[in-house]
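Notes for the one structure printed next.
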Amino acid sequence: MSLEPSAFLIFLKKLKDIPAEKLEVEHIKRYIVHCLEDDKLSENTVHSRLNALKFYYEQVLGKEKMFFEMPRPKKPLQLPKVLGESEVGKLFNAIHNIKHKAILFTAYSAGLRVSEVVKLRLQDIDSSRMQIFVEKAKGKKDRYVMLSNLLLDILRGYIKSLKTTPTYYLFEGQNKHEHYSCRSAQDIFKMAKDKAGITKKMSFHSLRHSFATHLLDKGVDIKYIKDLLGHFNIKTTERYLHIRKDKLMSISSPLDDLWVKGEIKW
């Protein structure tokens with residue numbers, strides 16, 4: 001943890017001539033209440049102030065237990081923005097470029113982050129085990145996700161459509177041996193959303209949220225969804241309400257369901 005000078009200097013200005021090292025826990029609590037109620041600061045800003053004080057009192061002055069019972073303001077619960085199944089269908093059907101379509105299908109079919117999609121390598125697509133290997137994702141954590149039957153066909157069609165076969169990354173950028181950029185993938189999503197007439201405030205990440213929600217709607221255990229998404233804590237996944245390979249094989253992607261229902265075309 002690093003000391004945030006601006007937060008700590010603000011604290012010192014509030015103290016004026018009072019020595020900071022002489023303060024007790026109750027004084028710090030009153031200061032935090034003042035930040036919330038009088039200064040009307042956001043929860044994130046107050047957390048930043050607390051972290052600066054924690055560093056000073058515990059790391060600099062060595063008062064290790066000073067902040068042990070210090071209450072922290074709760075951050076507001078932000079529910080994920082989710083597309084309905086029919087909206088996902090409209091989104092996919094609004095775009096016709098094969099590569100662009102394959103990128104969006106890949107993200108939704110396995111609940112991948114945009115950075116995970118663009119960094120997929122050819123070797124990460126395991127058709128023999130119907131799995132996709134996601135290497136060193138957020139938190140430098142490897143994981144396996146399901147490979148949709150439909151997505152496998154889509155990816156094969158995408159590869160065949162290319163004039164030059166990729167040599168390393170599944171989705172190459174303008175320069176050979178470089179992956180497609182996250183910004184370009186996000187632009188694809190925005191273009192598809194606009195063409196589909198979807199007015200909800202959404203981002204590429206909404207495909208991941210939609211994947212998780214649609215699996216939950218299908219009755220898939222939230223513990224399995226947690227590992228498919230690569231979450232460290234089940235509480236992160238619980239906003240939508242160690243996976244075993246046999247369970248992974250038995251979970252079908254919501255992308256396949258949309259195809260069966262006739263919601264999407266390829």
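The values are calculated or read from the model by the stated rules, or taken from the named source; none is laboratory data. Keep in mind that this is a model prediction, so the values were computed, not measured. Here the Cβ positions follow ideal geometry from the backbone for every residue, glycine too, while neighbour counts run over all protein chains shown. Keep in mind that these areas ignore ligands, DNA and RNA; they rest on the heavy atoms of the full protein, side chains included. Shrake-Rupley method; radii C 1.70, N 1.55, O 1.52, S 1.80 Å.
Considering (1) touching a Pro at 6+ places or on another chain (Cβ under 8 Å); (2) modelled with pLDDT under 90, say which one Asp246 fails and leave the rest.
The single condition Asp246 does not satisfy is (1).
If a residue must be of a type outside the set (A, V, I, L, M, F, W, C), under 22 Å from the mean Cα position of the chain (by Cα) and within 13 Å of Leu258 (Cβ to Cβ), how many such residues does region 87-100 contain?
At the first step, the residues of region 87-100 found to be of a type outside the set (A, V, I, L, M, F, W, C) are 87, 89-90, 93, 96-97, 99-100.
Remaining after also requiring under 22 Å from the mean Cα position of the chain (by Cα): 87, 89, 100.
Narrowing further to those that are within 13 Å of Leu258 (Cβ to Cβ): 87, 89.
The qualifying residues number 2.
Take the conditions out of contact with any Pro (no Cβ under 6 Å at 6 or more places or on another chain), surrounded by 15 or more Cβ atoms within 10 Å (Cβ to Cβ) and in a helix (DSSP H, G or I) and apply them to Arg183. Does it pass?
Values: out of contact with any Pro (no Cβ under 6 Å at 6 or more places or on another chain): yes; surrounded by 15 or more Cβ atoms within 10 Å (Cβ to Cβ): no; in a helix (DSSP H, G or I): yes.
Considered against the rule, which asks whether it is out of contact with any Pro (no Cβ under 6 Å at 6 or more places or on another chain), surrounded by 15 or more Cβ atoms within 10 Å (Cβ to Cβ) and in a helix (DSSP H, G or I), Arg183 comes out as no.
Only one of these conditions is not met by Leu162: (1) under 21 Å from the mean Cα position of the chain (by Cα); (2) within 21 Å of His96 (Cβ to Cβ); (3) not small (Gly, Ala, Ser). Which number is it?
The number of the failed condition is (1).
Does Val134 satisfy being closer than 24 Å to Ala212 by Cα, open to solvent by less than 10 Å² (accessible area, probe 1.4 Å) and touching a helix residue (DSSP H, G or I) at 6+ places or on another chain (Cβ under 9 Å)?
Values: closer than 24 Å to Ala212 by Cα: yes; open to solvent by less than 10 Å² (accessible area, probe 1.4 Å): yes; touching a helix residue (DSSP H, G or I) at 6+ places or on another chain (Cβ under 9 Å): yes.
It is true that Val134 is closer than 24 Å to Ala212 by Cα, open to solvent by less than 10 Å² (accessible area, probe 1.4 Å) and touching a helix residue (DSSP H, G or I) at 6+ places or on another chain (Cβ under 9 Å).
What number of residues in region 15-44 are under 17 Å from Lys63 (Cβ atoms) and in a loop (DSSP other than H, G, I, E, B)?
Total satisfying the criteria: 4.
Within 15 Å of Ala102 (Cβ to Cβ) and open to solvent by 60 Å² or more (accessible area, probe 1.4 Å), is that true of Lys190?
Spelling it out, it is not the case that Lys190 is within 15 Å of Ala102 (Cβ to Cβ) and open to solvent by 60 Å² or more (accessible area, probe 1.4 Å).
Could you tell me whether region 219-240 includes any residue that is modelled with pLDDT of 70 or more and touching a Phe, Trp or Tyr at 6+ places or on another chain (Cβ under 6 Å)?
no
Could you list, in sequence order, all residues of region 1-43 that are of a type in the set (Val, Ile, Thr), at pLDDT below 80 and loosely packed, with under 12 Cβ neighbours inside 10 Å? Let's see the steps before the verdict.
Applying the first criterion (of a type in the set (Val, Ile, Thr)) to region 1-43 yields 10, 18, 25, 28, 32-33.
In the following step, the residues that additionally are at pLDDT below 80 were identified as 25.
Answer for region 1-43, where residues must be of a type in the set (Val, Ile, Thr), at pLDDT below 80 and loosely packed, with under 12 Cβ neighbours inside 10 Å: there is none.
Criterion first (modelled with pLDDT under 90, more than 21 Å from Leu215 (Cβ to Cβ), not in a helix (DSSP H, G or I) and not aromatic (Phe, Trp, Tyr)) does Lys141 satisfy it? Lay out the reasoning, then the answer.
Details: modelled with pLDDT under 90: yes; more than 21 Å from Leu215 (Cβ to Cβ): no; not in a helix (DSSP H, G or I): yes; not aromatic (Phe, Trp, Tyr): yes.
Taking the combined requirement at face value, the residue does not satisfy it.
For region 111-124, what are the residues that are touching a helix residue (DSSP H, G or I) at 6+ places or on another chain (Cβ under 7 Å) and in a helix (DSSP H, G or I)?
Val114, Ser115, Val117, Val118
Please tell me if Glu64 is of a type in the set (Asp, Glu) and either assigned to a helix (DSSP H, G or I) or at pLDDT 85 or above (or both).
Taking the combined requirement at face value, the residue does not satisfy it.
Pairs needed: first member in region 147-174, under 15 Å from Leu122 (Cβ atoms); second member anywhere, among the polar types (S, T, N, Q) and open to solvent by less than 20 Å² (accessible area, probe 1.4 Å); C-beta distance under 6 Å; at least 6 residues apart or different chains.
Listed pairs, sorted by first residue: Leu147/Gln131; Leu151/Ser109.
Scan region 79-106 for residues that are within 16 Å of Ser253 (Cα to Cα), in a helix (DSSP H, G or I) and open to solvent by less than 30 Å² (accessible area, probe 1.4 Å) and jot them down.
Hits for region 79-106 are Val88, Gly89, Phe92, Ala102, Ile103, Leu104, Phe105, Thr106.
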